[in-house]
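See below for the structure under consideration.
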Amino acid sequence: MKKTLLILLIVLLLIPLSPNAKDSLSNKNDVFRFLQEAFRAQISLSDQTRTKEEIIDVLSPYFSDKYQKMFWDENIFKEEGKFVTYGSDFAFYYIPFFHFSDETKVVISPERIYVLQFFPSTTDGPVSYEDHYEGVVLKKMNGGWKVDEYLYNNIPKSIIDKAY
């Protein structure tokens with residue numbers, strides 16, 4: 001019994017209280033890791049149906065309430081009393097398919113982080129599109145960073161100039 005309690009205590013001490021909360025994103029690699037985790041959280045919602053509360057728990061460490069509502073309205077569907085997302089090659093409010101390389105630009109300011117990438121036009125495959133920029137804005141909220149805006153060809157010119 002004591003051994004079991006000791007093991008449980010050790011496990012609890014090793015697990016951070018907020019494993020996904022990011023209060024410091026000080027460089028490009030930190031931002032990339034955060035966005036990759038956020039994207040994994042989004043795509044995990046297609047694995048199984050969940051309650052509304054479960055979905056909020058998955059998204060809350062990464063996304064503002066405003067962003068969660070936009071994502072919910074566009075991508076989450078009710079199925080047998082629970083909710084799920086369906087896969088798509090072109091779904092709004094998912095983290096864009098960034099390359100997470102030198103092609104993906106990060107502009108860090110004290111209260112916002114802009115992440116953007118230029119996507120050249122393509123006519124190959126099931127989805128075609130014209131030249132465009134995609135991006136997200138992370139905003140500092142309650143001491144941590146959260147994705148707060150989705151940008152599709154509406155990135156401020158001043159941010160594009162700083163990035164490139």
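FYI, it's all coordinate maths here, none of it is from the lab. Worth saying up front: this structure is predicted, and the values here are computed from it rather than measured. Note that we place each Cβ from the backbone using ideal geometry, even for glycine, and neighbour counts take in every protein chain shown.
Suppose each label sits 7 Å from its Cα in the direction of the beta carbon; what would the SER26-SER101 distance come out to in nanometres?
Here the modelled spin labels are 2.9 nm apart.
As a quick test, which of the pairs LYS52/LYS78; LYS28/LYS69; LYS66/LYS162; LYS105/LYS139; LYS78/LYS140 have an alpha carbon distance above 20 angstrom in this structure?
LYS28/LYS69; LYS66/LYS162; LYS78/LYS140
If R0 is 22 Å, what FRET efficiency do you get for LYS139 and ASP73 from their C-beta distance, rounded to 0.05?
Efficiency, from the Cβ-Cβ distance: 0.65.
Along each of the three principal axes of the Cα atoms of the stretch 83-164, give the extent in whole Å, ordering the values from largest to smallest.
Here the spans come out as 41, 39, 22 Å, largest first.
Between THR49 and LYS157, what is the label-point separation in nm under the 7 Å Cα-to-beta-carbon projection?
5.1 nm
Can you tell me the orientation of helix 28-44 relative to the chain, as the angle in degrees between its alpha-carbon axis and the longest Cα principal axis, to the nearest 10?
70 degrees
So for the chain, averaging the separation of alpha carbon pairs under 8 Å that are six or more residues apart and normalising by length, what relative contact order in percent results?
Computed value for the chain: 19 percent relative contact order.
How about the stretch 31-90: which GluC sites (Glu not before Pro) there are in a DSSP loop, with at most 16 other Cβ atoms within 10 Å of their Cβ?
Passing sites in the stretch 31-90 are GLU80.
Give the calculated FRET efficiency between ARG112 and SER60 to the nearest 0.05, with a Förster radius of 22 Å applied to their Cβ-Cβ distance.
The formula returns an efficiency of 0.70 here.
Expressed in nm², what is the orientationally averaged projection area of the convex hull enclosing the Cα positions of the chain?
In nm², the orientation-averaged hull projection of the chain is 12.7.
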